[in-house]
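Please read the structure below before turning to the comments.
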Amino acid sequence: MEEAQNLFREGVLSHLEQLETLSHNLAVKQERQRQERNSLKENRELVLELRKKRDELKAKIEQHKAEIQAFSGQAEAAEDHGNVAGSSQQALLEMRLEELKGKLEMYWLTGISGKRTKKGVCVRLSTAFEGAYLDSYHLDIVLKPSVRIASHSVPPFIPLEQFTQQHLQTDLKKFLSVLFGHLNAYAGRKYQFQQLQTFPGSFVSDARQGNSLHTILTFEYNLKLEKETFCLRAKLIYGGATSSLPTEAVITCEDNRPSVQEKISSHSSLFCHNPLHKALDFISSEEQTLNRTSASLLGTDIF
């Protein structure tokens, strides 16, 4: 009888400890969610402010365009009469530089900045993903006698030459936008692969990149379910060079029992809609919560 009472007390204490742990973890999670909500609110306010500044810069650029068009018309009319002076050409070039400067100021709000040089401009492309500032790349653009790229630090697997031929001469805004989209997405994929490698080997292993663009990632991860550990093999496919999240997630497991396949289906959706490291964090925390809950329920069996 006394032994049964001792077992009863131990079971109650164990159960209470489990509940206390779950309560603490829930409180931590709620606090983190509160901080994320506050951060989201601040970011929204910042976005509104940046949009206002962007609109002001757009208006300024449109004004410069109108001035340039008016001046160009005057210059063409004067050229018909053979009276175009070198000072007029210089003034036109200065106005074009002012327009370019205005565009760069506007792009700075989205990770693109630049400064004037003796021959043109030096553009800096600063990439970021999920609030983390990543790699930066530069372009030295010469404006005379024609627009061209004198030097750059863009990786060779980014089709810079293709973008240059398509957009640089006719639409600088389009050129910078397309190039930045490719660089920022590449940096985001690379960052997620680096984060993948920080997970403990007991959870994630055999992480590999399929190519230099990181558009294919493969890895294995362990899933504890029904008191067993299953090895799942994941292949993430990023369908486009401007995709930061997978367009397809293929997960396989040698065990075909329904409970495992159900998890595979939910994990596939999770990987396609969240950054890789956050998806794995969620899977790991979900697993830990389930294990604690199971342990807590086992404690009640003593009664």
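The values are calculated or read from the model by the stated rules, or taken from the named source; none is laboratory data. Only a predicted model underlies this, so the values are computations on that prediction, with no experimental measurement involved. So basically every Cβ, Gly included, is an ideal-geometry build from the backbone, and we count neighbours across all protein chains shown.
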What are the residues in segment 170-198 that are surrounded by 17 or more Cβ atoms within 10 Å (Cβ to Cβ) and either part of a loop (DSSP other than H, G, I, E, B) or among the small types (Gly, Ala, Ser) (or both), if any? Ala185, Ala187, Gly188
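Among residues belonging to segment 248-268 that are acidic (Asp, Glu) and in contact with a strand residue (DSSP E or B) (Cβ under 6 Å, 6 or more places away or on another chain), point out the one that is farthest from Cys231 (Cα to Cα).
Glu248
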Please determine whether any residue of segment 254-262 is free of Cβ contacts under 8 Å to residues at least 40 places away in the same chain and crowded, with 16+ Cβ neighbours inside 10 Å. yes
All positions within segment 126-174 that are out of contact with any Lys or Arg (no Cβ under 9 Å at 6 or more places or on another chain) and on the phi > 0 side of the Ramachandran plot: Gly131
Would you call Thr170 β-branched (Val, Ile, Thr) and over 18 Å from Leu134 (Cα atoms)? yes
Among residues belonging to segment 117-159 that are out of contact with any strand residue (DSSP E or B) (no Cβ under 8 Å at 6 or more places or on another chain) and part of a strand (DSSP E or B), point out the one that is modelled with the highest pLDDT. Phe129
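Does at least one position in segment 180-196 carry a residue that is over 15 Å from the mean Cα position of the chain (by Cα) and without any contact (Cβ under 8 Å) to a residue 40 or more places away in the chain?
no
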Checking His167 against (1) in a loop (DSSP other than H, G, I, E, B); (2) surrounded by 13 or more Cβ atoms within 10 Å (Cβ to Cβ): exactly one of these is not met. Which one? (1)
